[in-house]
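The values are calculated or read from the model by the stated rules, or taken from the named source; none is laboratory data. Quick caveat: nothing in here was measured; it's all calculated off a predicted structure. Here the Cβ positions follow ideal geometry from the backbone for every residue, glycine too, while neighbour counts run over all protein chains shown. Calculation scope for accessible area: heavy atoms of the full protein, side chains included, ligands and nucleic acids excluded. Shrake-Rupley method; radii C 1.70, N 1.55, O 1.52, S 1.80 Å.
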Amino acid sequence: MRIVLVGPPGAGKGTQATRLAATLRVPHISTGDLFRANISQQTELGKLAKSYMDAGNLVPDEVTIAMAKDRMEQPDAENGFLLDGFPRNVSQAEALDELLKTEGIKLEAVLDLEVPEEEVVKRIAGRRICRNDSAHVFHVTYSPPAQDGVCDVCGGELYQRDDDSEETVRKRLEVYHTQTEPIIDYYKAQGLVVTISSLGPVDEITRRALEALKREDAGK
Ligand SMILES: Nc1ncnc2c1ncn2[C@@H]1O[C@H](COP(=O)(O)OP(=O)(O)O)[C@@H](O)[C@H]1O
């Protein structure tokens, strides 16, 4: 399956994408994770991306599209992928359409994760991530780690992302509304959007997502 995941920052895209990708047996491609890997390896791309990310802005399309394209062309993505954080504006969506067209393939669904804005700010401000594995995510209010600052899964050090400060989160939300939300209408016009609520236990949301994708698949 070829799926795009959309939703505001803090909607749980990363958490759900990891689980859905494992069940659907497709790679989870996260442009945010790719940028963060570049930042920790101190590449030129990482240095450029960091300045935009820390301000809550989008990294310029040119470099983002090239990076996403390169990742989608890896052999493991040949039979499908789950895109998380890409496309993030209409011109990226158009570039993705072009790329898929040249390869003669199509998206099957765009999964839209809905979550109220106040919830987003609360979730992100309390979010802590493990340095060893970005899929190990904790929440100081909802699911605090047994030991302060230490990952329950692997013992790694927990940290707060530089762009998770309240001020940057508000900017990221504004960018989401003005630049990313329009892609939902763009994909609605192609009949691809399935919307689910991203409130509730993590397992329950995964179940909802798989159900919705199955219905979408059956309808094609
Ligand atoms: N497709 C993209 N285009 C431009 N910038 C991106 C893209 N994906 C990620 N980024 C940058 O990385 C940041 C973090 O993205 P991500 O990890 O997806 O977090 P979240 O969805 O929680 O905001 C974004 O705020 C943006 O600066």
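Taking region 17-38 as the region of interest, how many residues are in a helix (DSSP H, G or I) and within 9 Å of the chain's Cα centre (by Cα)?
Residues meeting the conditions: 4.
Can you name the residue in region 44-53 that is open to solvent by less than 60 Å² (accessible area, probe 1.4 Å) and under 20 Å from T168 (Cα atoms) and, of all such residues, is nearest to the ligand (Cβ to nearest atom)?
Only one residue fits best here, namely M53.
With the structure loaded, tell me whether E216 is open to solvent by 40 Å² or more (accessible area, probe 1.4 Å) and either in a helix (DSSP H, G or I) or in contact with a helix residue (DSSP H, G or I) (Cβ under 8 Å, 6 or more places away or on another chain) (or both) or whether it fails that test.
Numbers: open to solvent by 40 Å² or more (accessible area, probe 1.4 Å): no; either in a helix (DSSP H, G or I) or in contact with a helix residue (DSSP H, G or I) (Cβ under 8 Å, 6 or more places away or on another chain) (or both): yes.
No: the conditions fail for E216.
Quick check on my filter: what residues within region 196-220 are over 17 Å from M1 (Cα atoms) and touching a residue at least 40 places away in the same chain (Cβ under 8 Å)?
Across region 196-220, the qualifying residues are I196, S197, S198, L199, V202, I205.
In region 1-16, which residues are away from the ligand (no atom under 12 Å from the Cβ) and either of a type in the set (V, I, T) or not in a loop (DSSP other than H, G, I, E, B) (or both)?
Of everything in region 1-16, those that are away from the ligand (no atom under 12 Å from the Cβ) and either of a type in the set (V, I, T) or not in a loop (DSSP other than H, G, I, E, B) (or both) turn out to be R2, I3.
Could you check region 136-151 and list, in sequence order, the residues that are surrounded by 14 or more Cβ atoms within 10 Å (Cβ to Cβ), out of contact with any His (no Cβ under 8 Å at 6 or more places or on another chain) and either among the acidic types (D, E) or more than 17 Å from G12 (Cβ to Cβ) (or both)?
P145, V150
Applying the selection to region 21-43, what residues are within 16 Å of the ligand (Cβ to nearest atom) and either in contact with a Gly (Cβ under 6 Å, 6 or more places away or on another chain) or open to solvent by 70 Å² or more (accessible area, probe 1.4 Å) (or both)?
If the condition is that a residue be within 16 Å of the ligand (Cβ to nearest atom) and either in contact with a Gly (Cβ under 6 Å, 6 or more places away or on another chain) or open to solvent by 70 Å² or more (accessible area, probe 1.4 Å) (or both), then S30, T31, G32, N38, I39, S40, Q41 are the ones that fit.
Specify the residue that is farthest from the ligand (Cβ to nearest atom); the eligible residues are those in region 54-68 that are charged (D, E, K, R) and closer than 21 Å to E98 by Cα.
Across region 54-68, the extreme among qualifying residues is E62.
State whether one or more residues within region 78-86 are surrounded by 14 or more Cβ atoms within 10 Å (Cβ to Cβ), in a loop (DSSP other than H, G, I, E, B) and touching a Lys or Arg at 6+ places or on another chain (Cβ under 6 Å).
Yes, the conditions are met somewhere in region 78-86.
Quick check on my filter: what residues within region 60-105 are of a type in the set (G, A, S) and on the phi < 0 side of the Ramachandran plot?
Step one: of region 60-105, the residues of a type in the set (G, A, S) are 66, 68, 77, 80, 85, 91, 93, 95, 104.
Across region 60-105, the qualifying residues are A66, A68, A77, S91, A93, A95.
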